[in-house]
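Colleague: Sharing a structure below in structure tokens format, with a few things to ask.
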Amino acid sequence: MDTKGRVSIPASFRRVLEASDSNWQPGDNPELVIVYGDHRRKYLECYTMEAIDEVDAKIDALPRGSMQRRMLQRMFHGQSFPTNVDETGRLVLPAKLRNKIDLENEAFFIAAGDTFQIWKPETYEAEELATTEEWLDDLPEDFDPMQYLDGIGDG
């Protein structure tokens, strides 16, 4: 990350953003929405336009005036930042978002289908890798997590 808060988005992520933005044309900068969430969230989640539209449709399907709908609207509308990738393939992260996750020099990206997350590398290692190790430690020694892809296994 440079001093202006710009981070380079991996090319493969940019292609997903382009393909999922119905307004995108070659030469344009694809749009996305960064959800920074509440005080517990220690990463930024970047949604493709298709993915955020899907979330919005599910929120809109909830009963009007319900607590669930109001809370999800706040989390996805009130705690998000619509933006786009610049012409050099970078994303400008405002100071508010960088400060939220204590991002300084380096950003760690992790893909999750039609979203990707941006973490401070040290936070990711301390929290997410520890969670993964705990999860694996609870499984039998000979268990292969790839079994979940075939619908085998539970937990």
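The values are calculated or read from the model by the stated rules, or taken from the named source; none is laboratory data. Keep in mind the model is a prediction, meaning the values are calculated, not measured. Using ideal geometry, Cβ is built from the backbone for each residue, glycine included, and neighbour counts are taken over all protein chains shown. For accessibility, only protein heavy atoms count, side chains too; no ligands or nucleic acids. Shrake-Rupley method; radii C 1.70, N 1.55, O 1.52, S 1.80 Å.
Colleague: So Gln68 clears everything in (1) touching a residue at least 60 places away in the same chain (Cβ under 8 Å); (2) loosely packed, with under 11 Cβ neighbours inside 10 Å; (3) not charged (D, E, K, R) except one condition, right? Which one?
Modeller: (1)
Colleague: So, one more: Could you pull out every one of the strands (runs of 3 or more DSSP E) wholly within region 68-119 that has 1 or more residues that are farther than 13 Å from Ile34 by Cα and out of contact with any strand residue (DSSP E or B) (no Cβ under 7 Å at 6 or more places or on another chain)?
Modeller: Once the strands (runs of 3 or more DSSP E) in region 68-119 are filtered for at least 1 residues that are farther than 13 Å from Ile34 by Cα and out of contact with any strand residue (DSSP E or B) (no Cβ under 7 Å at 6 or more places or on another chain), what remains is 108-112.
Colleague: Given the criterion surrounded by 12 or more Cβ atoms within 10 Å (Cβ to Cβ), assigned to a helix (DSSP H, G or I) and either touching a residue at least 24 places away in the same chain (Cβ under 8 Å) or among the polar types (S, T, N, Q) (or both), identify the matching residue among Tyr124, Tyr148.
Modeller: Tyr124
Colleague: Considering Gln117, Gln79, which residue is touching a residue at least 40 places away in the same chain (Cβ under 8 Å), polar (S, T, N, Q) and within 18 Å of Met1 (Cβ to Cβ)?
Modeller: Just one listed residue meets the conditions, Gln117.
Colleague: Considering only region 1-22, how many residues are more than 16 Å from Asp114 (Cβ to Cβ) and either touching a strand residue (DSSP E or B) at 6+ places or on another chain (Cβ under 9 Å) or open to solvent by 50 Å² or more (accessible area, probe 1.4 Å) (or both)?
Modeller: Selection size over region 1-22: 8.
Colleague: Confirm whether Lys58 is assigned to a loop (DSSP other than H, G, I, E, B) and surrounded by fewer than 18 Cβ atoms within 10 Å (Cβ to Cβ).
Modeller: no
Colleague: Turning to a different aspect of this structure: Does any residue of region 74-83 turn out to be within 16 Å of Val16 (Cβ to Cβ), buried (at least 17 other Cβ atoms within 10 Å of the Cβ) and out of contact with any His (no Cβ under 7 Å at 6 or more places or on another chain)?
Modeller: Checking region 74-83: at least one residue is within 16 Å of Val16 (Cβ to Cβ), buried (at least 17 other Cβ atoms within 10 Å of the Cβ) and out of contact with any His (no Cβ under 7 Å at 6 or more places or on another chain).
Colleague: Something else now. Assess whether Asp86 counts as being loosely packed, with under 10 Cβ neighbours inside 10 Å and in contact (Cβ under 8 Å) with a residue 12 or more places away in the chain.
Modeller: Judged against the criteria, Asp86 is not a match.
For every residue, the table says whether it meets (1) more than 19 Å from the chain's Cα centre (by Cα); (2) in contact (Cβ under 8 Å) with a residue 60 or more places away in the chain; (3) open to solvent by 90 Å² or more (accessible area, probe 1.4 Å).
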site	(1), (2), (3)
Asn99	no, no, yes
Ala107	no, yes, no
Ile110	no, no, no
Leu129	no, no, no
Asp144	yes, no, no
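Colleague: On to the next question. Within region 134-142, identify whether any single residue is assigned to a helix (DSSP H, G or I), open to solvent by 50 Å² or more (accessible area, probe 1.4 Å) and either under 23 Å from Gly5 (Cα atoms) or of a type in the set (A, V, I, L, M, F, W, C) (or both), and answer yes or no.
Modeller: Within region 134-142, one or more residues are assigned to a helix (DSSP H, G or I), open to solvent by 50 Å² or more (accessible area, probe 1.4 Å) and either under 23 Å from Gly5 (Cα atoms) or of a type in the set (A, V, I, L, M, F, W, C) (or both).
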